[in-house]
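The values are calculated or read from the model by the stated rules, or taken from the named source; none is laboratory data. In this text the structure is predicted, and so the values were computed from the model without any measurement. Cβ atoms come from the backbone with ideal geometry, glycine included; neighbour counts cover every protein chain shown.
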């Protein structure tokens, strides 16, 4: 619908976009997503690069048949759970209240 | 040799229990019919049909997402893959779970908040409407065509592996199964639309999930919960690798000569691990699960829970795969590429005899049919919504609902005919190609749309069509097409790439989008502001000029409905316009 908005509606979005509240929300959200992605996918890249190019490192035994490689897999699965739950918590406590306020302002002002 | 109908090497089928499998599949199909039929009464508008009225709660949606991940290749084949190829295959399984985080961090919340029915609803905020809609339809329908063929292939595989006991693939049976099961799935969609598809996916996730949990418990019980003994046995009983790689260490897929006639190892397997992570979630039919959520928040929660479930689910599959080789031994599992999908039914048969294996067959058949149905509704959504928008048509809701239902039948039946013809040839290359497209077109187009202020029409065009072109060219010169005993033309060799195209095409998709954007002077800062405000807050400014006709500009159908029910229903999303 973007292309069909009247100029006045577009201006309202721009005004919100430029507001201090929204800038704070955007920064917070982007910073989390950026860092979480870099750390999480950086970890994954490291895991698979080691498997491809340093297989002997992964073959070292830790406990019985469990080697470094299996530990890396186990940590990766747990990291999925950690990243998902930390982001859900962060969004609920840090992003949602702010976005709710902005939304109420924007939509409420029209009623 | 490529697909199902081109007949994998014969194998002594000792596990199938066709009579019981049929006896399980038919009541399950009837149960799905009942669920779908119960959903039917609530469908009054196009949005009810395509998006389940945006009333799917987070828990139900998370289960439906899980159901959408569970395919023949990601459950049945992957267990055999782990049993045969050990550690490197385990990394592949891990990649699926790792990839699901992309849905949580990037796709789910913003895409639901922007709203609408397809990726096109996001693209139009950053690019001119017509090309944006066409780009969305092209990506969605190309993905659909390829994946649909692969899913029909999966129906054929389930039929030959679990509904038949002959050592050779029973091709007539596979063909009949594709037609019958395909028609049943089309009918499910026709009757119940997205509410029906959602219930069906939830049922499927519960069935497959319970089956996997019970199987894991049985495997672990055999080892008195001692995972160390299980791993020791798996290593000891593993199919020996010619190059001497252990089962539990890297090498079986990374090592030299893992890929026939290729000098590109270990990059081949590495590229697969990267492609699945960046492309696996970028499938338009998975995005439908975000659009049906009651709010952006619920979409995010369902993606988050689904990622957690996925992480647990795939760890169970790894235990089952290693347990299979530990308990059945090297000769008891599928011992080559084509027979990996026999490992799970053999293990199930070993534990529970014909009743268990028949149950597996019935559940597997319903599961592959469910995926076909979930994909069909995505294709219908894009075909109806994107193409209508590109042509500037605004049908009345009642007329549009009729059009949608008709499209279900037309697209479904055309798919069945064309798909069944393509199955023998293309099945093997299509699943990875879809994942590569997710990496080379969908991911860059959406990341740029959501985060880059400068992004514009030309950038979108170059990303989508450039990524698509590179992927198709790379696949044409890949070992899926020639130069490999398992390829389409095993006797000719014009392959260049053994590596998965996603590794190259993904970054190239980003590069094309960048170049296209900066070479065009088009720039829409207001569009970016609108997209960002909507994506982060879910707010929608209702057009003010004329509330009654103005709302018809919105890309959803429900807003035009005169009765109050649409408003009431959409209040869950707390959007005053009731549109998003």
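Quick notes
- Residue A:72 vs. criteria more than 7 Å from every other protein chain (Cβ to nearest Cβ), assigned to a helix (DSSP H, G or I) and either surrounded by 14 or more Cβ atoms within 10 Å (Cβ to Cβ) or at pLDDT 95 or above (or both): yes
- If you go through the range B:226-250 and pick out every residue that is at the interface with another protein chain (Cβ under 9 Å from one of its Cβ atoms) and part of a loop (DSSP other than H, G, I, E, B), you end up with 5.
- Checking the range B:5-15 against the condition returns no match, with no residue being in a helix (DSSP H, G or I) and out of contact with any helix residue (DSSP H, G or I) (no Cβ under 6 Å at 6 or more places or on another chain).
- Every test in (1) assigned to a helix (DSSP H, G or I); (2) without any contact (Cβ under 8 Å) to a residue 40 or more places away in the chain is passed by residue B:430 save one, and that test is (2).
- Residue list for the range B:374-403, filter: in a helix (DSSP H, G or I) and either touching a strand residue (DSSP E or B) at 6+ places or on another chain (Cβ under 8 Å) or surrounded by fewer than 24 Cβ atoms within 10 Å (Cβ to Cβ) (or both): B:383, B:387, B:388, B:390, B:397, B:398, B:399, B:400, B:401, B:402, B:403
To keep it simple, each residue is scored yes or no on (1) under 17 Å from the mean Cα position of the chain (by Cα); (2) surrounded by 19 or more Cβ atoms within 10 Å (Cβ to Cβ); (3) in a helix (DSSP H, G or I).
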position	(1), (2), (3)
B:130	no, no, yes
B:144	yes, yes, yes
B:148	yes, yes, yes
B:151	yes, yes, yes
B:154	yes, yes, yes
B:161	no, yes, yes
B:172	no, no, yes
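- Counting only residues that are in contact with a helix residue (DSSP H, G or I) (Cβ under 7 Å, 6 or more places away or on another chain) and facing chain B (nearest Cβ under 8 Å), the range A:35-53 holds 8 of them.
- Qualifying residue in the range A:53-67 (condition: in a helix (DSSP H, G or I), touching a residue at least 40 places away in the same chain (Cβ under 8 Å) and at negative phi): no
- Only one of B:68, B:89 that is part of a helix (DSSP H, G or I), in contact (Cβ under 8 Å) with a residue 40 or more places away in the chain and farther than 30 Å from residue B:244 by Cβ: B:68
- Filtered by the rule that a residue be surrounded by fewer than 19 Cβ atoms within 10 Å (Cβ to Cβ) and either modelled with pLDDT of 95 or more or touching a helix residue (DSSP H, G or I) at 6+ places or on another chain (Cβ under 9 Å) (or both), the range B:340-373 gives B:350, B:351, B:352, B:354, B:355.
- Single unsatisfied condition, residue A:61 versus (1) touching a helix residue (DSSP H, G or I) at 6+ places or on another chain (Cβ under 7 Å); (2) modelled with pLDDT under 95; (3) more than 7 Å from chain B (Cβ to nearest Cβ); (4) within 25 Å of residue B:322 (Cβ to Cβ): (1)
- Positions within the range B:154-175 being free of Cβ contacts under 8 Å to residues at least 40 places away in the same chain and either closer than 30 Å to residue B:53 by Cβ or in contact with a helix residue (DSSP H, G or I) (Cβ under 8 Å, 6 or more places away or on another chain) (or both), in sequence order: B:170, B:173
- Scanning the range A:21-33 for residues that are closer than 23 Å to residue B:278 by Cβ and more than 9 Å from chain B (Cβ to nearest Cβ) yields one hit, A:31.
- Residue satisfying all of: in the range A:32-52; farther than 30 Å from residue A:97 by Cα and in contact (Cβ under 8 Å) with a residue 12 or more places away in the chain; surrounded by the most Cβ atoms within 10 Å (Cβ to Cβ) among these: A:51
- One residue from A:106, A:110 being at the interface with chain B (Cβ under 7 Å from one of its Cβ atoms), part of a helix (DSSP H, G or I) and either modelled with pLDDT of 95 or more or under 30 Å from residue A:12 (Cβ atoms) (or both): A:106
- Condition check for residue A:29: under 30 Å from residue B:298 (Cβ atoms), free of Cβ contacts under 8 Å to residues at least 40 places away in the same chain and within 13 Å of the chain's Cα centre (by Cα): no
- Of the helices (runs of 4 or more DSSP H) entirely within the range B:251-355, those holding at least 1 residues that are under 20 Å from the mean Cα position of the chain (by Cα) and away from chain A (no Cβ under 14 Å) occupy B:284-291.
- If you check A:79, A:98 for being in contact with a helix residue (DSSP H, G or I) (Cβ under 7 Å, 6 or more places away or on another chain), surrounded by 17 or more Cβ atoms within 10 Å (Cβ to Cβ), more than 7 Å from chain B (Cβ to nearest Cβ) and modelled with pLDDT under 95, only one passes: A:98.
- Residues satisfying the stated conditions in the range B:504-554, i.e. modelled with pLDDT under 90, in a helix (DSSP H, G or I) and more than 7 Å from chain A (Cβ to nearest Cβ): B:547, B:548, B:549, B:550, B:551, B:552
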